[in-house]
């Protein structure tokens, strides 16, 4: 399976003086700006890479998947924005996660999704930058 890797156009930050000191004001990320019209394969867009946290937008077409994997050193938090998919996990639970739901996956647990729906499944993953990655 091939993935399309993209980065947002701008990850810069605005600077503003507040109380005599300069602070960074985070960019606002509009997820819709990074969606592809009818992708043939799963699309992974890195929205933020930081020292502590990373944020990735996944767009998974019908029949597509985010392959099962684990992060040995940190949790992964998913928020489903659109569609639904079957959770691939250690327990083979076959649970369905849907738009408006989130799930917190503990360190070391296997997780992935298979889009069993008729529309793209779009989810955001927020994971500790030092969590590591192991395909299973």
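The values are calculated or read from the model by the stated rules, or taken from the named source; none is laboratory data. Everything numeric in this text was worked out from a predicted model, so none of it was measured. Please note: Cβ atoms are built from the backbone with ideal geometry, for glycine as well, and neighbour counts cover all protein chains shown.
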Those residues of region 49-66 which are assigned to a strand (DSSP E or B) and surrounded by 14 or more Cβ atoms within 10 Å (Cβ to Cβ) amount to 53, 54, 55, 56, 57, 58, 59, 60, 65, 66
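Do any strands (runs of 3 or more DSSP E) lying entirely in region 84-136 carry at least 2 residues that are buried (at least 19 other Cβ atoms within 10 Å of the Cβ) and within 16 Å of the chain's Cα centre (by Cα), and which ones are they? Steps first, answer last, please.
Details: elements: 84-89, 96-98, 102-105, 111-114, 121-128.
Ranges flagged: 84-89, 111-114, 121-128.
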Cβ pairs under 7 Å, 6+ apart or interchain, first in region 97-118 and free of Cβ contacts under 8 Å to residues at least 40 places away in the same chain and at negative phi, second surrounded by 15 or more Cβ atoms within 10 Å (Cβ to Cβ) and in a loop (DSSP other than H, G, I, E, B), ordered by first then second residue, are 99/83; 104/75; 105/75; 106/75; 107/71; 107/74; 107/75
Among residues of region 17-31 being at pLDDT 70 or above and surrounded by 10 or more Cβ atoms within 10 Å (Cβ to Cβ), the residue farthest from residue 63 (Cα to Cα) is 29
